[in-house]
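I have a structure I would like to understand better, so I am pasting it below and will then ask my questions one at a time.
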């Protein structure tokens, strides 16, 4: 592996490759404490693992990685409506987003949830 962890990958690769103006008045947001956001951590970890795999393809690996992995994930992370909505480079991390509201389904509704088998 080129990077030992997702933190190393973000600090030494992603932050250098994805240079953006991330100010309070920008349409591109970022949280300096990105690891405090479950969605950001999951997306960046997935990107790191895909990068480690695809970088070994000397022909189109990195292009595939950018188009299929990095660009879609980073668009979600940079989006002002995304996980960094209340954060800013100037004011730092704001933990204001709560988990999605849920209600548990009635027991027995799904005979086999892994197969999408609905009993209605």
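The values are calculated or read from the model by the stated rules, or taken from the named source; none is laboratory data. For clarity, every value in this text was computed on a predicted model and none was experimentally measured. Heads up, the Cβs are rebuilt from the backbone with ideal geometry, glycines too, and the neighbour counts pull from every protein chain shown.
Kindly provide the set of residues from segment 73-93 that are part of a loop (DSSP other than H, G, I, E, B), under 17 Å from residue 38 (Cα atoms) and in contact (Cβ under 8 Å) with a residue 12 or more places away in the chain, ordered by number.
Matches in segment 73-93: 79, 80, 82, 83, 84, 85, 87, 93.
Give segment 4-17 a look and list any residue that's in contact with a helix residue (DSSP H, G or I) (Cβ under 9 Å, 6 or more places away or on another chain) and either buried (at least 16 other Cβ atoms within 10 Å of the Cβ) or in a helix (DSSP H, G or I) (or both), or say none.
Result: 6, 7, 8, 9, 10, 13, 14, 17.
Here's a follow-up. If you go through segment 91-114 one residue at a time, do you hit one that is at pLDDT below 75, closer than 25 Å to residue 43 by Cα and out of contact with any helix residue (DSSP H, G or I) (no Cβ under 9 Å at 6 or more places or on another chain)?
yes
Just checking, how many residues over segment 23-32 are closer than 18 Å to residue 96 by Cβ and surrounded by 14 or more Cβ atoms within 10 Å (Cβ to Cβ)?
4
Those residues that are surrounded by 14 or more Cβ atoms within 10 Å (Cβ to Cβ) and either on the phi > 0 side of the Ramachandran plot or not in a helix (DSSP H, G or I) (or both), I need them from segment 56-72; list them, please.
None - no residue of segment 56-72 is surrounded by 14 or more Cβ atoms within 10 Å (Cβ to Cβ) and either on the phi > 0 side of the Ramachandran plot or not in a helix (DSSP H, G or I) (or both), so the list stays empty.
Return yes when residue 20 is modelled with pLDDT of 95 or more and either touching a helix residue (DSSP H, G or I) at 6+ places or on another chain (Cβ under 9 Å) or within 23 Å of residue 100 (Cβ to Cβ) (or both) and no when it is not.
no
Also, quick follow-up: Of all residues in segment 19-36, count the ones that are touching a residue at least 60 places away in the same chain (Cβ under 8 Å) and within 15 Å of the chain's Cα centre (by Cα).
Within segment 19-36, residues that are touching a residue at least 60 places away in the same chain (Cβ under 8 Å) and within 15 Å of the chain's Cα centre (by Cα) number 3.
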